[in-house]
Structures are given as C-alpha cells and as structure tokens.
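The values are calculated or read from the model by the stated rules, or taken from the named source; none is laboratory data. The model shown is predicted, which means the values in this text are computed figures rather than measured ones. Quick reminder, even Gly has a Cβ in these numbers, built from the backbone with ideal geometry, and neighbours come from all protein chains shown. Side chains included, ligands, DNA and RNA excluded: accessible areas come from the protein's heavy atoms. Shrake-Rupley method; radii C 1.70, N 1.55, O 1.52, S 1.80 Å.
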Amino acid sequence: MRYCNVVVDISLDKLDKTFQYKIPEGLQDTLIEGMQVEAPFGRGNRVITGYVVTLSDEPEFDPAKTKEIIKVVDNSTSIDNQLIQLAGWMKRNFGGAMNQALKTVIPIKQKAKSKFKKILVLNIDRNLLDDEYNSLMARSNHSVAKERLFLALKDNDEIPWDVVTKKLNIGSNIIRDFEKNGIITIRQESEYRNPINHTRENEQRHILNDEQASICNQFISDYDAGRLGTYLIHGVTGSGKTLCYLEMIEHVINKGKSAIVLIPEIALTFQTVMRFYNRFGDMVSILNSRMSVAERYDQFLRAKNGDIKIIVGPRSALFTPFPDLGLIVIDEEHETSYKSENVPKYHAVPTAIERARIAGASVVLGSATPSVDSYKKALDGEYTLLSLPNRATANSLAKSEIVDMRSELRRGNNSIISDRLAGLIEDRLNKKEQIMLFLNRRGMLGCISCRECGTTLKCPHCDVSLSLHRDGKMHCHYCGHTEPKPMVCGKCGSKAIGGFNIGTEKVEEIVSDMFPSARVVRMDMDTTKGKTGHEDILAKFKNKEADILVGTQMIVKGHDFGNVTLVGALAADMSLNIPDFRSGERTFQLLTQAVGRAGRGEAEGLAIIQTYEPEHYAIIESMKQDYETFYDKEIMYRNLMNYPPCAHMLLMTIQSEDLEQAEGLANALHDRLKEHFPDAKMLGPQDALIAKINDIHRKTIYIKDSSYELLVSIKDVADEYLLNNTRFPKGHVYFDFDPINSL
C-alpha cells in the first residue's frame, strides 16, 4: 500500500500541515506530487479538494484508520493547481523538500492590512443641489471651501476623498458637514497598492526594422498556429530586443493572455518598467524584494484577478499567479542571478519553460551574450534561434581596445587607471560626454595571480583557478588537489604575486583626485540600499548631472545612456580567476555587456579593456564582440573537460555545527551512493571552498555524468538515505544541480 500527504490549505502558514491518505490501487502508478485530488475530510460525508505534496510507502498512522483518496480532479486548470504542479517538478529536479518548493512558488498569502479609498457620492438630485448652492451663495460671508465643493459636485457625482482634500484643499470638517446634511454619502472601497507612481509618457511607436519584424512575425505565426515553444533571441547590444519583446507581448495580450518579464537586476527595473508602462499603461506592474509585503501581496491579487496583464521583476516574479499566462520573457537570460542560492536551488530558465508547458505558454529568452547552455540548446534545435546581428540605429557597435596592464606596471604606472584610459577620460570630459568605469570584482575571492606576467595559478587537473584557503594552501574544489602558495611567480620569478583588493569606493576616490572638476557618482551595493537607490543614481546620470559613473557589474547590464561615449573596464580579467569552469564565459559576457554601453547615441563609442591576460580568448573575442567564435572555443573546452552543458554536475553540500557529524555524514553518503552507482564519477568528500561559515562545517561531493536523469536518481537515493538517517542527526545536505556558485 502506498500513501500520500495532502495539503488542503495552501496559505503559507498552513503549508506544513498535511493529512495522509491511502492511494487507491487504480492510482498507484499515476498519482504524482502536485496533482489535485478529492478526499474525505473529517466526520460525515464532507469532501475536500487538496494537493498531493509527498508520496510514501510508510504509514504515519494506523492504516486501518487512514482514509483513501477519492479521485484525481480532472482537467483542473486553476492557477494554484499549476503552481503546485510546478513545485512538484522543482522538488524532483532540483532537490529539497516539497514544502520548500511550495513556499517558493506560492505567492504571499498572509493577509496584509487592506488599503481603502474613500469616495464622496452625491446623495441628492441636481435640482436640490442647485437650491443648496444658491442658498450658500446668498449669504454675505459664505465659505469659499464649501463653494468649491458644491461646484465640484455639480460636475461629478463621485469624487475621490484625496482629490477633495488635496487638490481642492477642502477640510474634512466641511466634508463631514455635507455628509451630516445628507448632501453626500461616503463610500469606502478597497484599493490595491500600486508600486508604479510615475507619470506615463506618450510613447512614440517605433517601426520595426526588417530584422526585428522578421523574428516578431515568426513568433506571432507560431503562436497563432498553436506552436508554443522556447525562443532564444541572440541580439547584439542595441539591436532592439526590448522592442521585440513589446511587440510579442502586445500580440499575446490581444489574444486575452498575460505576460511575465524577468530581468536580472533590480537596478534595471525602472528603465525597463517605463518602457512597458509607456506602452501598456496600467496593465503593467512590478515585483521586487525592495517592496513591502503589502505591496507584493496586492500585485499578486491584481494579477490573479486580471487587473494587470504584465508583471516585470527579477527571478521571483516567475511565480506571479496569472491564470491566463501566455508568454514568459527572460531578458539577459545568461545572468547568474537567475539561479537561486536558496533551497530549492532552481534555475529560472528551465523552470520558466516548465511553467509555460503547464500553462500553455511560450518562452522568449534574450541576450547579446547567451549562456553557453542556452546557445547549445538552440543549435541542437531544442530552442528556436532568432538573430539580431545589427544595432537598431545607424551607428555601429563601439570600438574596443585592449590595454596590457603588465606594460603599464613596467613603465612605472601602479594605478588602476592606465595612461591611455586617463587621456581618453580627459578628452571626453572636455567634450561634455559621459564615461562609465566598470570594476570587474568577480573572482577576487582567494585567487592568486602575478601582476608582472598575468599568470593565474590553476589546478593541473581541472584547468580552473586554485583558491587560497585559510590553511595557507591553494585548493581545487573540483578534484581536491592542493599545493602551497608560492612566494614568487613560477613563470617569471616576480614577487608581485597575490590577490587583488580594490573596491569601487577606492576607484571613485582615485578618479576624483585625477579629475577634480569631474562629477563622479558611484553605484554598488553600498550606495543602492534604499528603496529607490538604483533609480536615483541612474536618473542622476541619465539627466547628465554626473560625468562619470563608477560601479560593479550592475552598471553594465541593459542600461541605455545616449551620451556615454567611453567605457573603461578595470581589472577586466578578474572574473577569469573564479575557481569555476564558467570563468571564461562570465568574463566574455561581462566585458561584452560593458563594451555595449558605449556609443548608443549619435556619437561613436569606445571601450578600453584593461587586463593582465590580453592573450585569453575571452578577452580577445569580447573586444571583437564576436560571440560565435567565443562559443566555438568555449564549447570545445567544455567538451574536452566534460563540463556542462556537455555533461551535468551535482554538488552535494554537507553541513553541521559538529565537524565529526559533517565528516561522518559525508563519508556515509559517499559510500551509500557508490554502492548504488559504482560507475558514477564522484569527487570528494572534501572541504568546501569556504570550509566553515558561522561555525558551520561544510563538506562537498561532486558528481558528474552526461545524464541529468541519472543525477536526479542519485539525489533520490541520497534523499532516501537521509530520511532514515539516525547516525548523523546534526548533519544536513543540500543539492545543487549544475551549480553556478560553488562556495
């Protein structure tokens, strides 16, 4: 006999309360997590609808007293049912408990305090209103405020309270006097919180160029024919991908459907939302982590009730409860922020594709630098590849130059600003043009490199950077190789070997000292903590109230500033030092996006790429803006090393406050998996890159295989072992498929 646990109330505070039922013989092979079922509940003949959240072979109570599922609900299309199904899929494919998946996909259900609006409603006929008005005007010292209210009521039967008190400047005592005399009544209505408080501008409809029209027509033709699938728009920076999104969404909305637009950074929200808001008006809303619980709650209600048709936001907006979802757009689909670092560690792209499959929708991915994973799927025919190889405007892509910082050092320039870049900054300031300085800080943690010759110390077995641990040794967290930190560079003998430690605040200080007349603003995590932090800085720069914008990767993602003619990529090769096989891909993407910020207006753009590794193909191809050549070289490397997407990887992180518990559970888990999967390529157990965080000891096991399904099976066996684990009760295990962050 098999059993299932059913949740009958899917509000967040009830998710942990489930009821176990027997699975009838006829449903033993068909019932899966996420299905909607009918089941007896309580005493009498009451039947409730619930959702299956877990399956089990073990009864939690006396089997003789356990009731049986009545049936699976046929053709259930409720949004709750869709999201429950999605949660079951996420649990199976990314690990974690079903309740964790449910809490990820189910919108906020805890009731936020309702917001109400008051409306003054005319309560007498207009003849009597005229009589009351004339009676007031006959008095020699009549109330001017009352006169204004009478005149307003003559024109409108209903007037919002805020309009009367704020715009007409009429006090509440006068309003209450009108109410007391029966002239008006006050109606109170619930009101949704609207996080968009900007004035809508009349958008000048752009005419699609031939390239844009071609891909939009293909999407529309497929959509109308019921060919729902996944599309990858590979368009160079400035090619007009957003305009294509707008056209596609408009077509879907005209078909009575809704759309979700995912963006990778909160910093992009304002600019993106205004493009959509100017086009679609109040059909658009936003979601992000800076909003209050009440604001988020209201947006979910607006979506569920059909009051909005488009939601724009980062990863979590994917679970907006549109009951009529027709399209999911994922802009800058290559961004690592689309991978969750919380359990379940899902990736937004495959999750969006699964949600679209359940809802009967299409997915459009867009990027100037697609992820290697997505581009391979497009070349293999799993996605439909759409190309925008040219900028939408007549101006061409920005030109780029590589500056070898090793030569700068030999000439005695120890500054992070090369002589070439300094001269160009001076020139642009004289021309009243703007500059963006991008500090590539990715890869600084623990990496060791030589500033004299540019050599980065790598694992001899895995071709990824070695990481410096607190034990003074350099470790490879893919295979466990260790070696001592050298005192001098093994290639050139220089003592200028070590890590790189400079931040945006220091860069801002250096630039301000070099160019005292320049207006410099900085954009990083420290300067954007407020609710409108990103928006305020970007608006200031867009309005030309600043000459130079200094920032981390958040300034090079999707922003469109027409007066920026110079971009400087500082420490461009830092991301090459990430102890990750994706380091080349990340570097190419960051630099290509950075170069794409220059020359988007009428003036020609130029990008300066400062690097200690000018020969690396990721640096060279980003200078050329040549994605195809980069991809060909990168996929050869991935195939040779058996890395994703040519294979798949499962990272298991074992954690415990007790070191012996962490080590014991890691070893026991390794032995159990080897017993069931003797041919699996397994690395570890070994210390995590950061072996201890907040007194929590961390061990890792890596498993690689060409079959994702095999890794899921390995995860299932590990889950089964953990369910019955009594030897190491203080240990916890977390699963991460094709990990983005291996810390």
Go through the range 589-630 residue by residue and tally those that are farther than 15 Å from Leu397 by Cβ, touching a residue at least 60 places away in the same chain (Cβ under 8 Å) and in a helix (DSSP H, G or I). 4
Please list, ordered by first then second residue, the pairs with beta carbon atoms under 6 Å, 6 or more apart or interchain, first in the range 481-494 and in contact (Cβ under 8 Å) with a residue 12 or more places away in the chain, second open to solvent by 50 Å² or more (accessible area, probe 1.4 Å) and part of a loop (DSSP other than H, G, I, E, B). His481/His461; Cys492/Glu452; Ser494/Glu452
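Could you check how many residues of the range 155-173 are more than 18 Å from Lys118 (Cα to Cα) and surrounded by 13 or more Cβ atoms within 10 Å (Cβ to Cβ)? Lay out the reasoning, then the answer.
In the first step, residues of the range 155-173 are kept if they are more than 18 Å from Lys118 (Cα to Cα); the result is 155.
Add one more test, that the residue is surrounded by 13 or more Cβ atoms within 10 Å (Cβ to Cβ), and what stays is none.
Count: 0.
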Go through the range 329-355 and count every residue that is buried (at least 22 other Cβ atoms within 10 Å of the Cβ), among the charged types (D, E, K, R) and in contact with a Leu (Cβ under 7 Å, 6 or more places away or on another chain). 3
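Give the residue that is modelled with the highest pLDDT, with candidates limited to residues of the range 623-642 that are among the aliphatic types (A, V, I, L, M) and out of contact with any Phe, Trp or Tyr (no Cβ under 9 Å at 6 or more places or on another chain).
Looking at the filtered set, the residue picked out is Met636.
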Considering the range 704-728 alone, what residues qualify as being in contact (Cβ under 8 Å) with a residue 24 or more places away in the chain, within 23 Å of Met98 (Cβ to Cβ) and either open to solvent by 90 Å² or more (accessible area, probe 1.4 Å) or among the β-branched types (Val, Ile, Thr) (or both)? Val712, Ile714, Val717
The range 688-703, subset surrounded by 17 or more Cβ atoms within 10 Å (Cβ to Cβ) and of a type in the set (D, E, K, R), residue farthest from Ala668 (Cα to Cα): Arg698
Could you list, in sequence order, the residues of the range 247-256 that are under 24 Å from Tyr375 (Cβ atoms) and buried (at least 23 other Cβ atoms within 10 Å of the Cβ)? Met248, Ile249
Enumeration of residues in the range 374-421 that are open to solvent by 40 Å² or more (accessible area, probe 1.4 Å), in a helix (DSSP H, G or I) and under 20 Å from Glu332 (Cα atoms): Lys376, Lys377, Leu379
Working only within the range 227-256, note down all residues that are under 17 Å from Ile353 (Cβ atoms) and more than 26 Å from the chain's Cα centre (by Cα). Arg227
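I'd like to know if the range 636-658 contains one or more residues that are in a helix (DSSP H, G or I) and among the charged types (D, E, K, R). Spell out the reasoning first.
Taking the range 636-658 first, the residues in a helix (DSSP H, G or I) are 636-641.
Keeping just the survivors that are among the charged types (D, E, K, R) gives 638.
Yes, because at least one residue in the range 636-658 is in a helix (DSSP H, G or I) and among the charged types (D, E, K, R).
Which of the following residues is among the β-branched types (Val, Ile, Thr) and under 27 Å from Gln218 (Cα atoms): Ile353, Ile416? I'd like the intermediate steps shown before the answer.
Numbers: Ile416 fails: under 27 Å from Gln218 (Cα atoms).
Of Ile353, Ile416, the one residue that is among the β-branched types (Val, Ile, Thr) and under 27 Å from Gln218 (Cα atoms) is Ile353.
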Residues of the range 623-642 being farther than 27 Å from Tyr702 by Cβ and buried (at least 19 other Cβ atoms within 10 Å of the Cβ), which ones? Met623, Gln625, Tyr627
In the set Arg279, Arg275, which member is at pLDDT below 90, of a type in the set (Lys, Arg), open to solvent by 40 Å² or more (accessible area, probe 1.4 Å) and out of contact with any Pro (no Cβ under 7 Å at 6 or more places or on another chain)? Arg275
Could we say that Pro645 is crowded, with 20+ Cβ neighbours inside 10 Å and modelled with pLDDT of 90 or more here? no
Selection count where residues are touching a residue at least 40 places away in the same chain (Cβ under 8 Å) and either open to solvent by 20 Å² or more (accessible area, probe 1.4 Å) or on the phi > 0 side of the Ramachandran plot (or both), scope the range 665-679: 3
Output the residues belonging to the range 590-622 that are at pLDDT 90 or above and surrounded by fewer than 22 Cβ atoms within 10 Å (Cβ to Cβ). Leu606, Pro614, Glu615, His616, Tyr617, Ile620
Got at least one residue in the range 140-152 being part of a helix (DSSP H, G or I), of a type in the set (S, T, N, Q) and either open to solvent by less than 80 Å² (accessible area, probe 1.4 Å) or over 21 Å from Glu189 (Cα atoms) (or both)? no
Selection count where residues are hydrophobic (A, V, I, L, M, F, W, C) and buried (at least 19 other Cβ atoms within 10 Å of the Cβ), scope the range 284-307: 5
The range 377-401, residues that are modelled with pLDDT under 95 and among the hydrophobic types (A, V, I, L, M, F, W, C): Leu388, Ala392, Ala394, Leu397, Ala398
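Take Leu424 and tell me if it is in a helix (DSSP H, G or I), of a type in the set (A, V, I, L, M, F, W, C) and either modelled with pLDDT of 80 or more or surrounded by fewer than 16 Cβ atoms within 10 Å (Cβ to Cβ) (or both). Break it down into steps so the answer makes sense when it comes.
Values: in a helix (DSSP H, G or I): yes; of a type in the set (A, V, I, L, M, F, W, C): yes; either modelled with pLDDT of 80 or more or surrounded by fewer than 16 Cβ atoms within 10 Å (Cβ to Cβ) (or both): yes.
Considered against the rule, which asks whether it is in a helix (DSSP H, G or I), of a type in the set (A, V, I, L, M, F, W, C) and either modelled with pLDDT of 80 or more or surrounded by fewer than 16 Cβ atoms within 10 Å (Cβ to Cβ) (or both), Leu424 comes out as yes.
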Six or more apart or on different chains, Cβ under 9 Å: which pairs go from a residue in the range 309-334 that's more than 21 Å from Met274 (Cβ to Cβ) and in a strand (DSSP E or B) to one that's open to solvent by 10 Å² or more (accessible area, probe 1.4 Å) and hydroxyl-bearing (Ser, Thr, Tyr)? Could you list them? Gly326/Tyr223
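The rows are residues; the columns are (1) open to solvent by 30 Å² or more (accessible area, probe 1.4 Å); (2) part of a strand (DSSP E or B); (3) without any contact (Cβ under 8 Å) to a residue 24 or more places away in the chain.
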{"site": "Gln20", "(1), (2), (3)": "no, yes, no"}
{"site": "Gly26", "(1), (2), (3)": "yes, no, yes"}
{"site": "Leu31", "(1), (2), (3)": "no, no, no"}
{"site": "Val37", "(1), (2), (3)": "no, yes, no"}
{"site": "Gly44", "(1), (2), (3)": "yes, no, yes"}
{"site": "Ile48", "(1), (2), (3)": "no, yes, no"}
{"site": "Val52", "(1), (2), (3)": "no, yes, no"}
{"site": "Leu55", "(1), (2), (3)": "yes, yes, no"}
{"site": "Glu60", "(1), (2), (3)": "yes, no, no"}
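Here is a check on your reading of the model: is Arg176 assigned to a helix (DSSP H, G or I), under 21 Å from Glu189 (Cα atoms) and open to solvent by 50 Å² or more (accessible area, probe 1.4 Å)?
Values: assigned to a helix (DSSP H, G or I): yes; under 21 Å from Glu189 (Cα atoms): yes; open to solvent by 50 Å² or more (accessible area, probe 1.4 Å): yes.
So Arg176 fits the description; yes.
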Residues in the range 463-486: is at least one at pLDDT below 75, in a loop (DSSP other than H, G, I, E, B), closer than 16 Å to Met574 by Cβ and under 35 Å from the mean Cα position of the chain (by Cα)? yes
Ala539 meets each of (1) surrounded by fewer than 22 Cβ atoms within 10 Å (Cβ to Cβ); (2) in a loop (DSSP other than H, G, I, E, B); (3) modelled with pLDDT of 75 or more with one exception, condition (2)
Ile358: open to solvent by 10 Å² or more (accessible area, probe 1.4 Å) and either in contact (Cβ under 8 Å) with a residue 40 or more places away in the chain or not in a helix (DSSP H, G or I) (or both), yes or no? yes
